[in-house]
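Here's the structure we're looking at; comments come further down.
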Amino acid sequence: MKRVLAVVTLIGLAAVIGAFVIGMRTFDGTVVDKPYEHGLAYDAVHHEKESSGWIAEIVNRQFTIGTNTLLLSVTDRNRRPVTDVEISVVVSRP
């Protein structure tokens, strides 16, 4: 019984140490310098977006490796197209 308990303990310790080592090797560092302020700014933009009633959607959702065309549709809360809109898109890796 002692051997089984020792083996289970060693397996558990190995799993924890392995997770720790992998976590330390893959950690990218600080993601955002001031996370609280960043969250407040995100919330302000989110609330402004919701109060405007505008809906921006990607029309074409099939993309391939290489150059692609991105088609966007912007409508108001009544689903009428919004004209004379300036859109800026930032593409980044998650």
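Can you tell me which residue among Val59, Val82, Val7 is surrounded by 10 or more Cβ atoms within 10 Å (Cβ to Cβ) and in contact with a Ser or Thr (Cβ under 9 Å, 6 or more places away or on another chain)?
Val82
Are any residues in the stretch 49-79 charged (D, E, K, R) and under 20 Å from the mean Cα position of the chain (by Cα), and if so, which ones?
Scanning the stretch 49-79 gives Lys49, Glu50, Glu57, Arg61.
Which of the residues spanning the stretch 80-94 are at pLDDT below 90 and over 22 Å from the mean Cα position of the chain (by Cα)?
Scanning the stretch 80-94 gives Val82, Thr83, Asp84, Val85, Glu86.
Quick grid of which residues meet (1) among the small types (Gly, Ala, Ser); (2) touching a residue at least 12 places away in the same chain (Cβ under 8 Å); (3) part of a helix (DSSP H, G or I):
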{"residue": "Arg3", "(1), (2), (3)": "no, no, yes"}
{"residue": "Val8", "(1), (2), (3)": "no, no, yes"}
{"residue": "Ala15", "(1), (2), (3)": "yes, no, yes"}
{"residue": "Ala19", "(1), (2), (3)": "yes, no, yes"}
{"residue": "Thr30", "(1), (2), (3)": "no, no, no"}
{"residue": "Glu37", "(1), (2), (3)": "no, no, yes"}
{"residue": "Glu48", "(1), (2), (3)": "no, no, yes"}
{"residue": "Phe63", "(1), (2), (3)": "no, no, no"}
{"residue": "Val74", "(1), (2), (3)": "no, yes, no"}
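The values are calculated or read from the model by the stated rules, or taken from the named source; none is laboratory data. Predicted, not measured: the structure shown is a model, and the values here were computed from it. All Cβ positions, glycine included, derive from the backbone under ideal geometry; neighbour counts span all protein chains shown.
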